[in-house]
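Only one structure is covered here, and it is reproduced in the block below.
The values are calculated or read from the model by the stated rules, or taken from the named source; none is laboratory data. Fair warning: this is a prediction, and the values are worked out from it, not measured in the lab. Note that each Cβ is placed from the backbone with ideal geometry, even for glycine, and that neighbours are counted across all protein chains shown.
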């Protein structure tokens, strides 16, 4: 279940949007997660190393955290192959089935 907070006063609504430096970590991970999904939808199966290189405008640590959150949400599958982690985008049908039966153990 997601949760969000609504501004409590009109003054809060009128504040300018946060700069990237002021953005909370969870917002930043959400932005990186969106970039990860967009890249994977375009490129298909990729290694974590390839993904971090493709998204080099983000720190590798944030890309890794975003991938972890997507794996936990059942939108990406991570498979350890030797020294690499192969990432696969999970289809909407698979993601819905994942949420119906609960998270499965990942080979990550």
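Within segment 69-87, the residues that satisfy the criterion of being without any contact (Cβ under 8 Å) to a residue 40 or more places away in the chain, at negative phi and either surrounded by 14 or more Cβ atoms within 10 Å (Cβ to Cβ) or touching a strand residue (DSSP E or B) at 6+ places or on another chain (Cβ under 7 Å) (or both) are 70, 71, 73, 75, 77, 78, 79, 84, 85.
Of all residues in segment 65-74, none are over 9 Å from the mean Cα position of the chain (by Cα), outside any helix (DSSP H, G or I) and farther than 13 Å from residue 91 by Cα.
Scanning segment 58-108 for residues that are in contact with a helix residue (DSSP H, G or I) (Cβ under 9 Å, 6 or more places away or on another chain) and modelled with pLDDT under 90 yields 90, 103, 104, 106, 108.
In the condition set (1) over 25 Å from residue 91 (Cβ atoms); (2) modelled with pLDDT of 90 or more, residue 51 is compliant with all but (1).
Is it the case that some residue within segment 17-27 is modelled with pLDDT of 70 or more and assigned to a helix (DSSP H, G or I)? Give the derivation first.
In the first step, residues of segment 17-27 are kept if they are modelled with pLDDT of 70 or more; the result is 26-27.
Restricting the remaining residues to those that are assigned to a helix (DSSP H, G or I) gives 26-27.
For segment 17-27, residues modelled with pLDDT of 70 or more and assigned to a helix (DSSP H, G or I): present.
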